[in-house]
Structure formats: C-alpha cells, structure tokens
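Take a look at the structure below.
Throughout, read-outs are computed from the coordinates displayed, never taken from laboratory work. Everything numeric in this text was worked out from a predicted model, so none of it was measured. Cβ atoms come from the backbone with ideal geometry, glycine included; neighbour counts cover every protein chain shown.
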Amino acid sequence: MSFAVAAADPQNPDSGSAPESIQQDWWPNLQLAYARSVIRLNGTVTEDRLHEALLNAAYSVNDELADWSEQLRETNPDGMPEGRLTDLYLRAVHFYAKAELVERYRDFDTTGAGDRRVDDQEDLPDYSRRTMRWAISDLLGKPRATIEAL
C-alpha cells in the first residue's frame, strides 16, 4: 500500500501581526499591499518581514532626505505634496525594501531549483538599489550620475 500527499500551493505565511500601513507624520504613509504589488513580491515574504523592510527603508530614505525635507516643510507643513514628489519618494522606499528582502531571502532555497533562482536574482539587489538611488536623485533635482575626469 502506498501513501501520497499532494502539496498545496504555497500560501503567504502571514502571521497577521503587521499593520496594513505604516503611518508617518509628514512623509507619505506606506501601504503594505501596494508595496507588495509594486515590487512584485511573491507569497514567501511575510507581512511582518515586509513591514520591517519598509520601516527600515523609510528610516534610511527619510534620513538621507532630511535637509531637503526641512526646506520643503516650510512651504508644505501638512505633508509632502501629492504627485511627482510622493511617487519618487515611494519608489525610493519600495526599492530599498526590495533590495533588503532579496538579499535576506537569497539563501531561502538551496535545492537545484533554488540555485537557479539565486542565479536569476544575483543582480536584483543592485538593480533595486540603482532604482532607489535614481528616485532620490530625481527628488533632489540632481543628475543620476556624476562623472569626473581623472
């Protein structure tokens, strides 16, 4: 007699303890579901880990933009203006979080299929950081690359 068990489709292993959004005083609020969609995360990243990555990303991006935001707060004390600035800010935060998550999940599956997946994602953190850097440069009105003659 044989016994076989069919594996269910992978589901989001959500612990349910993370809030649906991260509220910020002046900066745009971060919606976990929207971030998951934008950075195309699969169901292996839990809500808690996504929340932590977005929070860390917001801290880093907010610190990097601190001087810039002080000037903008003088004319916009109630929050960052909607539109291009908000879109660029969210892009920076989302792709910072994606780079962190991809690096942390890189060793998730080390089977043959997992090795191929790691190889496919080898440059993904770098691409995500580049996208984040470009969004910050665009926010600050700076060129995306600085080239100096040696």
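Sort out which residues of region 44-59 are within 19 Å of SER128 (Cα to Cα) and surrounded by fewer than 17 Cβ atoms within 10 Å (Cβ to Cβ), and write them in order of number.
Once the filter is applied, which keeps residues that are within 19 Å of SER128 (Cα to Cα) and surrounded by fewer than 17 Cβ atoms within 10 Å (Cβ to Cβ), region 44-59 yields THR44, GLU52, LEU55, ASN56, TYR59.
When region 81-93 is examined, which residues are found to be free of Cβ contacts under 8 Å to residues at least 60 places away in the same chain and not charged (D, E, K, R)?
PRO81, GLY83, LEU85, THR86, LEU88, ALA92
Consider GLU82 carefully, then state whether it is closer than 17 Å to SER21 by Cβ and surrounded by fewer than 19 Cβ atoms within 10 Å (Cβ to Cβ).
yes
Taking region 21-36 as the region of interest, how many residues are within 15 Å of the chain's Cα centre (by Cα), closer than 15 Å to TYR96 by Cβ and in a loop (DSSP other than H, G, I, E, B)?
So the answer is 1.
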